[in-house]
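Asker: Have a look at this one before I ask anything.
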């Protein structure tokens with residue numbers, strides 16, 4: 001997939017490049033459902049722009065001009081939950097955005113967003129159809145913040161989209177679950193009083209997941225307070241208030257994939273001022289986003305027993321424990337707001353791209369890489 005436009009920064013949006021992955025098996029139900037895109041009349045995009053069933057050409061929706069309004073249409077509201085559209089200018093200082101979930105505005109939209117989970121649910125039959133062609137300069141944006149392990153139906157989507165938007169750094173519109181930033185004026189960091197050792201919040205308990213298997217080994221050597229699906233109830237203030245009383249938090253991802261670093265790190269650990277013990281992609285992948293001395297990776301230790309020994313050491317050694325917060329002198333934490341921030345950043349990316357257009361030729365091989 002060819003590059004177009006600038007690479008996105010954690011707090012911006014732009015265009016990147018796709019990579020490679022092991023394709024999902026087409027045996028899953030959603031894969032079969034979406035695989036009927038060609039049979040339903042949706043042809044892959046042409047080199048010079050999108051093609052609608054029958055190959056008819058419509059008046060261009062047009063790229064965004066400098067200072068002009070950008071119309072972004074959300075085809076499915078994520079997970080079927082209606083929400084009020086964000087004021088991009090007020091919240092993110094992104095001007096000229098018109099966000100809508102009203103499909104009657106389809107012909108005017110410079111970008112149309114398709115949330116993958118809802119696409120997998122509705123299938124290709126749920127994509128825009130009808131006698132009017134797809135405007136040739138209109139951008140179709142594939143939006144997904146689940147990992148490849150939880151994204152069925154990728155095989156049927158080759159050639160349908162112009163851009164990708166996800167947590168992956170090489171997405172066309174990169175929106176991570178969170179990021180660190182340098183504030184205009186540093187604010188003193190005060191570590192909350194710690195009265196407990198290790199917490200873990202989990203809502204989806206699956207004995208086959210690596211995180212559950214590792215937890216079962218670790219708890220043999222260390223007391224861990226589990227909240228959620230099979231544990232204690234959270235405090236009234238929620239996750240951050242509960243975890244802030246703990247020294248360590250198990251930021252264990254439900255699957256291990258490139259750049260898949262979720263709110264378990266950014267909100268549950270960092271925002272709660274607990275040291276994250278992470279299980280996810282490799283340490284080097286985490287270090288692309290956060291300082292190397294801000295977290296503990298399970299791969300740093302040959303066994304769960306040795307990790308437990310180290311956490312007990314830090315529990316008794318305050319100076320060494322506090323070293324994990326040295327980065328707070330320079331950075332603060334931003335936790336991404338779903339879904340307002342994502343929609344507003346598409347506006348910014350559309351304006352930056354101008355009239356450039358491209359096609360995501362093999363979505364599955366890139367996202368699964």
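Asker: Among 281-294, 247-260, 114-127, how do they line up by average Cβ neighbours within 10 Å per residue, starting with the highest?
Answerer: Listed from highest to lowest mean packing, they are 247-260, 114-127, 281-294.
Asker: Given R₀ = 41 Å, what would the calculated FRET efficiency be for residue 205 paired with residue 129, taking r from the Cβ atoms and rounding to 0.05?
Answerer: Result of the calculation: an efficiency of 0.55.
Asker: Oh, and also: Using only Cα atoms, what Kirkwood radius does the stretch 326-369 have, in angstroms?
Answerer: Roughly 14.1 Å, rounded to one decimal.
Asker: Taking 0.36 nm per intervening residue step and subtracting the Cα-Cα distance, what contour gain separates residue 104 from residue 219 on full extension?
Answerer: Using 0.36 nm per residue and subtracting the Cα-Cα distance, I get 35.9 nm.
Asker: Starting from the Cα of residue 212, step 7 Å along the direction of its Cβ; do the same at residue 303; then give the gap between the two resulting points in nm.
Answerer: The modelled label-to-label distance comes out at 2.5 nm.
Asker: Let me ask another. Could you order peptides 156-165, 91-100 by the average number of other Cβ atoms within 10 Å of their residues, highest first?
Answerer: 156-165, 91-100
Asker: Calculate the spin-label point distance for residue 288 paired with residue 95, positioning each point 7 Å from the Cα along the beta-carbon direction, and give it in nanometres.
Answerer: Distance between the two pseudo-spin positions: 3.4 nm.
Asker: Something else about it: For residue 195 and residue 329 in one chain, what is 0.36 nm times their gap in residues minus the Cα-Cα distance, to one decimal in nm?
Answerer: 45.9 nm
Asker: Moving on. What share of Cα pairs, in percent, lie more than 26 angstrom apart in the stretch 196-335?
Answerer: It works out to 16 percent of all Cα pairs.
Asker: Mean shadow of the stretch 102-254, computed from the convex hull of its alpha carbons, in nm²?
Answerer: Orientation-averaged projected area of the Cα hull: 14.3 nm².
Only the coordinates and a few stated rules stand behind these numbers; no lab work does. The shown structure was predicted, so the numbers you read here are calculated from the model rather than taken from an experiment. All Cβ positions, glycine included, derive from the backbone under ideal geometry; neighbour counts span all protein chains shown.
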